[in-house]
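The values are calculated or read from the model by the stated rules, or taken from the named source; none is laboratory data. This structure is a prediction, so every number in the text was calculated from the model and none was measured. Cβ placement follows ideal geometry from the backbone for every residue including glycine, while neighbour counts extend to all protein chains displayed. SASA here: full protein model, heavy atoms, side chains in, ligands and nucleic acids out. Shrake-Rupley method; radii C 1.70, N 1.55, O 1.52, S 1.80 Å.
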Amino acid sequence: MVRNIIGSLIALAGAAAAVWSPFRDWYDGRLGRDYRIQDLFGGITAAEGALATSLLLPFTFAALLTVVGVALRLRVLVALAGLVVLGFTVLWMVRQGQAAGSLTVGGDGGGLGEGVALAAGGGVLLLLGALVMSGRRRHVPVQEAAPAPPEEDWGPYGTDPTGPVPYRRGPYALRPDDTLPGAPPVYRPPPYAAPPQGAPPPGPQRWSDAGRGGDGDREPGGPPPHGGTGRADEG
């Protein structure tokens with residue numbers, strides 16, 4: 001944030017210097033607004049053009065790029081504005097040197113004037129402002145952490161570190177009546193049939209001694225079967 005503010009101030013100061021430079025002396029007391037844009041490509045002449053077609057035009061365009069770049073915090077636009085200002089300034093110096101034979105710097109109003117210094121300084125300030133600005137930061141969406149997996153039920157024996165899976169039945173586990181494809185059928189005994197209505201409940205089977213005289217079914221202390229006395233007949 002602080003870097004953007006400082007860089008923006010530097011860039012705006014450079015743009016202001018570049019726009020102000022055509023109204024100052026550029027060479028031998030001639031103002032920068034008196035140089036036509038077409039003279040930079042065809043050679044410097046003594047003809048004076050309109051203000052809209054002078055050096056003020058590219059510098060005004062660079063100032064607009066600077067304002068947009070500062071508003072949107074785009075370093076590329078600010079740097080492009082600095083290159084435009086420096087490019088036209090250097091091109092003018094090349095054409096003026098060709099027309100005059102050489103470039104001189106004089107303190108009595110002859111040679112290069114302060115307008116050239118303002119234009120060159122403004123271009124450098126624009127590049128410096130673009131370098132200081134931090135630009136726009138990309139907002140990366142924060143991905144929410146995945147929910148923790150449910151705790152596995154390892155059964156009554158606790159965690160089995162050597163087992164492949166816990167004892168908890170998964171959604172795709174086989175049921176008791178399922179069989180794998182190609183596997184032999186598993187024998188399952190039929191369920192017990194319900195006893196008929198009115199029959200005594202099944203109990204433990206008693207040992208039968210029917211083959212030993214018929215006394216095997218007699219309970220101890222009870223009457224003998226078939227009305228007998230329980231004693232052997234004596235002759």
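Here are the numbers:
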| read-out | value |
| --- | --- |
| Verdict on G7 being closer than 25 Å to M133 by Cα, in a helix (DSSP H, G or I) and open to solvent by less than 20 Å² (accessible area, probe 1.4 Å) | yes |
| Search result, residues across region 42-64 that are open to solvent by 80 Å² or more (accessible area, probe 1.4 Å) and modelled with pLDDT of 90 or more | L57, F61, L64 |
| Filter result for V105 (at pLDDT 90 or above and over 30 Å from M1 (Cβ atoms)) | no |
| Members of region 24-41 that are in a helix (DSSP H, G or I) and either open to solvent by 70 Å² or more (accessible area, probe 1.4 Å) or in contact with a His (Cβ under 9 Å, 6 or more places away or on another chain) (or both) | R33, F41 |
| From the options V78, V67, V85, residue that is open to solvent by 60 Å² or more (accessible area, probe 1.4 Å), outside any loop (DSSP other than H, G, I, E, B), closer than 11 Å to A15 by Cα and in contact (Cβ under 8 Å) with a residue 12 or more places away in the chain | V67 |
| Complete set of residues in region 89-114 that are touching a Leu at 6+ places or on another chain (Cβ under 7 Å) and either acidic (D, E) or surrounded by 19 or more Cβ atoms within 10 Å (Cβ to Cβ) (or both) | W92, Q96 |
